[in-house]
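Student: Take a look at the following structure, please.
The values are calculated or read from the model by the stated rules, or taken from the named source; none is laboratory data. Source: prediction; values computed, not measured. Here the Cβ positions follow ideal geometry from the backbone for every residue, glycine too, while neighbour counts run over all protein chains shown.
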Ligand code: ADP
C-alpha cells in the first residue's frame, strides 16, 4: 500500500494518506472519505475470514444429510466474496471521489455478506443435529461480534450486516422447539442492540481519530508553510546582510580614498574613527586620536568654551549642519581654518549615536579671498580716484571751457574721455558686484515717483542713444506711481536697460519705455527692435560676465556685469526682473516693484522727515 501521493491530491490509486498532503478543503468530507476507506481496508480480511469460516462449516457438514445444500451455500459464499473483492478493486482504481456512492456499495456488500450468513442459519441450521446446531450458533455469534471490528467505522453498515444475520437466525431459533434456543431467540435483539451500540461508539472513536488526523495534517501543513516562510525570510536576511556588508566595505573604501577628511565622533565628541585624509589634515595618526576628545585635541584651547557651546547646540538640533569657518589646531601647533559638515546618526529615540564629520582645510581659500578683497579696495582707491580726475580734466578740455583745442587733439581727447569712462564703468561695476555679493552693499531707500524718475533717466541717456542713432521714446501720460527704492540705484538699473537696448538696436531704430500698473505692482518695460536673446544664452543672461556674443559686445562695449547687477539691485528693492521676446522682433527687458499705497507713502515720508 503506497503512502506516496502528489502533495496536493488526497488520493491516488492506492489508499493515499500522505504525511505532507494538503488538508482537504472540506474536513467533514475528508473524514467521511477516511471512514469509507477504513471500511474498504477491512473488507479484504473480512472476505478472507468469511471464506475460511465457510470452508470450515462446509467441511464440518460434509457428511450430513444436506450436503448439497451446504455446497450450494458455499458456492454462493464464494460468489459474494468475489463480488466484494471486485468492489474493493474498483474502489482502489476509482477516479471519482464520490464517497457516498462508495459507501452505498459497501453497505450493499455488507448486507449481502450478512444475509448470506442469515441463509446459512435459516437453511442449514434447522436440518442438523444438536451438536452441529450448537457449532453453527457459536460461529454465527462469533460472526456477529467479529463484524463490529470490520464495519464499525460507519456504524450503520454494521447494523445492516448484523440484521441480515440476526433476523433469520432469531426466527429459526424461535421456531426450533428447543426451550434453550427460544430463550436464545429472545436474547438475540438485545444482543443485536448491544452490538450496534458498541459499533456506534466505535464509529465515534474512529471519527474523532480521523478528525484528529485531519487536524494534524492542517497543523503540519501550516507548519510546513511557516517553515518555508521562515526559510525565505532567513534567506532575505542573509541577502540583506551580504548587501549591508558590501555597502559597508564600499563606504569604508570611499572614506579611505576620499580627499576630504572624514571623522566619526560619539555624542561627547570623542573620536571613534577617521580616514587617512583626516590624519593628513590634523597631522595625527589614527591611534593618537581615537578615544580622545576632538574639541580639546583639534581646536585651540582658548576657544574651548565657544566650541563646546556650538557642539551642544548642534546635538540638540539633531540635524546636519555646516560650519563654514572653524579655527582648528594641527598637531604641529599650526592654526588652520576648516569647513566641516556634521551629520548626526540617531536611533529610534532620536538619541545621537554618532556624528560623521566631513571637512577640508580652507585656509588657502580664505587667504585668496582676502587678497581679492585687498585688490578690490586697491582698485577702488588707487585706480578710481585718479581715473575720475583724468576723466574730469578731459571733460573740461572737451567742453571747451579751457578754450578752443585743435581738431586733431580734440578727437583724441574725446576718445580718451570715452574710454576712460568705460574703464570707470567697469571698475564701478566690479566694485558694485563685489559689494553686493559680500553682503556689504546698502541701499538708501526713499519714496520715489517712478514715472518722473523714468523721464529724467531718459533725458540722461539721450546722448548715449544718439551715438547709436537710436531714439528713446516714452509715453506722455505715464501712470503716476510711487515705489520705495534707492533712486540712484534705480536710475542705474534703468540706464543699464536703456543702454543695452540702444546698443543692440538697429541704426535709426526706436526704444519704447512703458510703465504699467498691475495690481500692487508697477512694471517698467524697455522694448527694443534688436536681434533678441539667443535661446542658448537665455538661462545665463543674468549671470556675471555673461555675454551672448563676445565679439559683437567687444565692438559695442560692455562687461557682461550690467544685468547681473540690475538683478541683484532690483531684488534688494523687493522687485523682480526678466525679459521676453518683443512681438514683431527684438526684446523687452522689464522689472517690477511693489507700489506704495497712499498711507505707506505718508508713513515713509514722515519717517524720512524725522531723520
Ligand atoms: P554688457 O555690459 O555686456 O551689456 P549686460 O549684463 O548688460 O552686460 O548684458 C549681458 C549680455 O546680454 C550682453 O552682452 C548681450 O549679449 C545681452 N543683451 C543684453 N541686453 C540685450 C538686448 N536688449 N538685446 C540683445 N542682447 C542683449
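Student: Starting from region 572-592, take each residue that is more than 18 Å from residue 500 (Cα to Cα) and list its partners that are part of a loop (DSSP other than H, G, I, E, B) and within 12 Å of the ligand (Cβ to nearest atom), counting only C-beta distances under 8 angstrom and pairs at least six apart or across chains.
Tutor: Within 8 Å, the pairs are 584/529.
Student: For the list (1) farther than 30 Å from residue 369 by Cβ; (2) in contact with a helix residue (DSSP H, G or I) (Cβ under 6 Å, 6 or more places away or on another chain), I need the number of the one condition that residue 406 fails.
Tutor: It is condition (2) that residue 406 fails.
Student: Go through region 302-333 and report how many residues are surrounded by 13 or more Cβ atoms within 10 Å (Cβ to Cβ) and part of a strand (DSSP E or B).
Tutor: 6
Student: What's the total number of residues in region 341-354 that are part of a strand (DSSP E or B) and either in contact with a helix residue (DSSP H, G or I) (Cβ under 8 Å, 6 or more places away or on another chain) or without any contact (Cβ under 8 Å) to a residue 24 or more places away in the chain (or both)? Walk me through how you get there before you give the answer.
Tutor: Residues of region 341-354 part of a strand (DSSP E or B): 341-346, 352-354.
From the residues that got through so far, the ones that are either in contact with a helix residue (DSSP H, G or I) (Cβ under 8 Å, 6 or more places away or on another chain) or without any contact (Cβ under 8 Å) to a residue 24 or more places away in the chain (or both) too are 341-345, 352.
Adding up the residues that qualify gives 6.
Student: While we're here: Go through region 454-503 and give me each residue that's crowded, with 18+ Cβ neighbours inside 10 Å, within 23 Å of residue 529 (Cβ to Cβ) and without any contact (Cβ under 8 Å) to a residue 60 or more places away in the chain. Walk me through how you get there before you give the answer.
Tutor: Going residue by residue through region 454-503, those that are crowded, with 18+ Cβ neighbours inside 10 Å are 454, 457-458, 461, 465, 468, 470, 472, 478, 481-487, 489-494, 496-503.
Of the ones still in play, those that are also within 23 Å of residue 529 (Cβ to Cβ) are 454, 457-458, 461, 465, 468, 470, 472, 478, 493-494, 496-503.
457, 458, 461, 465, 468, 470, 472, 478, 494, 498, 502, 503, listed by residue number.
Student: Moving on to the next point. On the given criteria, is residue 437 modelled with pLDDT of 90 or more, closer than 22 Å to residue 560 by Cα and in contact with a helix residue (DSSP H, G or I) (Cβ under 9 Å, 6 or more places away or on another chain)? So that I can check it myself, show each step before the final result.
Tutor: Details: modelled with pLDDT of 90 or more: no; closer than 22 Å to residue 560 by Cα: yes; in contact with a helix residue (DSSP H, G or I) (Cβ under 9 Å, 6 or more places away or on another chain): yes.
No; evaluated as a whole, the condition is false for this residue.
Student: Identify the single condition in (1) closer than 25 Å to residue 252 by Cα; (2) loosely packed, with under 14 Cβ neighbours inside 10 Å that residue 357 does not satisfy, given that it satisfies every other one.
Tutor: (2)
Student: Give me the residue from region 527-536 that is on the phi < 0 side of the Ramachandran plot and at pLDDT 90 or above and, out of that set, surrounded by the most Cβ atoms within 10 Å (Cβ to Cβ). Don't jump to the end; show me each part of the working.
Tutor: We begin by selecting, within region 527-536, every residue on the phi < 0 side of the Ramachandran plot; these are 527-531, 533-536.
From what's left, at pLDDT 90 or above: 527-531, 533-535.
On the way: 527: 21, 528: 26, 529: 20, 530: 20, 531: 15, 533: 17, 534: 10, 535: 7.
So, considering only residues that are on the phi < 0 side of the Ramachandran plot and at pLDDT 90 or above, the one surrounded by the most Cβ atoms within 10 Å (Cβ to Cβ) is 528.
Student: Same structure, new question: Looking at 47, 58, 28, 70 in this structure, which one is at pLDDT below 90, under 22 Å from residue 203 (Cα atoms) and in a helix (DSSP H, G or I)?
Tutor: Selected residue: 28, the only one of 47, 58, 28, 70 that is at pLDDT below 90, under 22 Å from residue 203 (Cα atoms) and in a helix (DSSP H, G or I).
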